[in-house]
Amino acid sequence: MRTLNQQYRGKDRTTDVLSFALQEGRFNKVQPNMLGDIVISVPTAGRQAVDAGLTLQQELERLLVHGLLHLIGYDHERGAAHARSMHMKERSLLKRLRT
């Protein structure tokens, strides 16, 4: 995960989830019906689950939703308003997923 984060985002550290949009870049027409790939670090998810008092399943669901939101255009790194919007959408989707 650290290697992927370094290679594609220029950040030399591990991360919990990465999204790779297939609708962007040079090959955006290859699979027009696919949003992209989501890569989740299960060891990192496990540590975060313990820290947050969640089950691994709950943390994996959160990371999957987070990655999916990135694939459809949400980006918490564009500022506080974007982060709030993404967080609210994440919570809403997780609530719907878990009911």
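Descriptive notes on the structure:
- The range 1-23, residues that are part of a loop (DSSP other than H, G, I, E, B) and closer than 15 Å to residue 36 by Cα: 22, 23
- The range 24-60: number of residues that are over 23 Å from residue 94 (Cβ atoms) and surrounded by 16 or more Cβ atoms within 10 Å (Cβ to Cβ): 0
- Of all residues in the range 67-82 being without any contact (Cβ under 8 Å) to a residue 24 or more places away in the chain and either in contact with a strand residue (DSSP E or B) (Cβ under 6 Å, 6 or more places away or on another chain) or charged (D, E, K, R) (or both), the one that is surrounded by the most Cβ atoms within 10 Å (Cβ to Cβ): 75
- Among the residues of the range 14-42, not one is farther than 22 Å from residue 57 by Cα and modelled with pLDDT of 95 or more.
- Number of the exception - residue 44 against (1) part of a helix (DSSP H, G or I); (2) more than 16 Å from the chain's Cα centre (by Cα): (2)
The values are calculated or read from the model by the stated rules, or taken from the named source; none is laboratory data. These numbers were taken from a predicted model, which means no experiment stands behind them. Counting neighbours? That spans all protein chains shown, and the Cβs are built from the backbone with ideal geometry, glycine included.
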